[in-house]
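The block underneath contains the structure these notes are about, expressed in structure tokens.
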Amino acid sequence: MHNIFDKLGKGLLRGTLHHGGDLHPAHEVTSPSQSVDGWFQPDPARDDQLRRRGILGRMARGDPALFEPFHDPPDLDEVRDCVHKQLAVDRDRRRKARREGAPRPPFPRLWLISAGRPRGVLRVYGFKPMRGWPPGFWQLRKPDALGLVVVRDLPRTRETLMLRLMGAGTVLREAIAELQRLPDEAWERHVAMPLLLATRFDLPQDGSEEAQEYMMSTQSLYEQWYQQVTEQGRSEGLKRGLEQGVEQGFQRGIEKGREQGREQGREQGREQGREQGREQGREQGREQALRQALLTVYRARFGGVPAEVAAIVDATHELPRLERWIEKAAACSAEDFAAELRAEEHNLQGR
């Protein structure tokens, strides 16, 4: 299960930092083949974006950095593996610079983000609190460029919220509650809410205490989100349907009114159009709400929606089919989901 929460941590990193530079998840490291959870190269021209991203943005400013989130506190071997990746990345960058005749690139900083406190690692490595940083930030000597963040020890402020959403237990529960209290336009909500909701779908239904606690912590968030997309979709669909229905009914009423009088025909047309528009709007509102819910789940789990998938979803009007696809998007891979949509579209065209 910790892999699911590590995936959440990577998503929060990506959503927070991508405006301030280039974040490469699963960045490949050669000899031996390994990958870094997050390799970030800041763009000096976008430094202001990182300044507005709380303490996590501050961590990403300056030299390139590697980010390795851990839902469970890392042990000595895991920390050594991360240090090995840091040295391998530096070696690869130095080799590339020599081939191109460029100066030596900056040594990359390694950030370990641990939901809990890795007591053995702190003791054996001799980590010291970082001066000028909040409680929960630890480091080795300056040449090591190695920082360790203990999420459970961070102060409860908005500056640390995105890091605390990578926590566990009470820390995560409190962070989710804080996220819900932020204004609707807060950037943290736009980044974190889809990821937190997608994690609900990814969790195994094994009845474990951690899974149950997470589902309870995010239940209000899920209900809030579902109500928002439903109301938005219903409102947009009702408006479009009412406008279309009024216009269609008005035209029919005009034709009928040629015999009964122009004014009477207009009135009948408007009334018929309103009724038809209300019904059409209600139907379109339900369709729109389901489409939005489906695309939100897809984006949270897989990223951008391919044009092919978006076109099929947009052309689908059957409510049961849209509801079934939401369940599919929450449970299967992106490839299987696309194959499911193509197969159904092919079956419909063959009828």
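If ARG158 passes every condition in (1) in contact with a Ser or Thr (Cβ under 7 Å, 6 or more places away or on another chain); (2) at pLDDT 95 or above; (3) not aromatic (Phe, Trp, Tyr) but one, which one does it miss?
(1)
Output the qualifying pairs, or none if there are none: Cβ atoms under 9 angstrom, residues six or more apart or on different chains, first residue in the stretch 300-320 and in the same structural domain as LEU12 (by TED's automatic domain parsing), second residue modelled with pLDDT of 85 or more and surrounded by 12 or more Cβ atoms within 10 Å (Cβ to Cβ).
Nothing qualifies.
Of everything in the stretch 40-62, what is without any contact (Cβ under 8 Å) to a residue 60 or more places away in the chain and either under 15 Å from LEU110 (Cα atoms) or not assigned by TED's automatic domain parsing to the domain that holds THR157 (or both)? Give them in sequence order.
Those that are without any contact (Cβ under 8 Å) to a residue 60 or more places away in the chain and either under 15 Å from LEU110 (Cα atoms) or not assigned by TED's automatic domain parsing to the domain that holds THR157 (or both): PHE40, GLN41, PRO42, GLY57, ARG58, ALA60, ARG61, GLY62.
Of all residues in the stretch 134-170, count the ones that are loosely packed, with under 13 Cβ neighbours inside 10 Å, within 18 Å of ALA115 (Cβ to Cβ) and more than 23 Å from the chain's Cα centre (by Cα).
2
Every residue, every condition in (1) touching a strand residue (DSSP E or B) at 6+ places or on another chain (Cβ under 8 Å); (2) exposed (fewer than 14 other Cβ atoms within 10 Å of the Cβ); (3) aliphatic (A, V, I, L, M), yes or no:
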{"position": "ASP48", "(1), (2), (3)": "no, yes, no"}
{"position": "ASP92", "(1), (2), (3)": "yes, no, no"}
{"position": "PRO108", "(1), (2), (3)": "yes, no, no"}
{"position": "GLY120", "(1), (2), (3)": "no, yes, no"}
{"position": "LYS128", "(1), (2), (3)": "yes, yes, no"}
{"position": "GLY132", "(1), (2), (3)": "no, yes, no"}
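For the stretch 104-194, which fully contained helices (runs of 4 or more DSSP H) count at least 1 residues that are touching a residue at least 60 places away in the same chain (Cβ under 8 Å)?
Output list reads 161-164.
If a residue has to be under 24 Å from GLN227 (Cβ atoms) and in a helix (DSSP H, G or I) to count, how many in the stretch 311-322 make the cut? Walk me through how you get there before you give the answer.
So the first thing to find is which residues in the stretch 311-322 are under 24 Å from GLN227 (Cβ atoms), and the list is 313-314, 316-322.
Okay, now just the ones that are also in a helix (DSSP H, G or I), so 313-314, 319-322.
Summing the residues that are under 24 Å from GLN227 (Cβ atoms) and in a helix (DSSP H, G or I) in the stretch 311-322 gives 6.
The values are calculated or read from the model by the stated rules, or taken from the named source; none is laboratory data. All values derive from a computational prediction rather than experimental measurement. Counting neighbours? That spans all protein chains shown, and the Cβs are built from the backbone with ideal geometry, glycine included.
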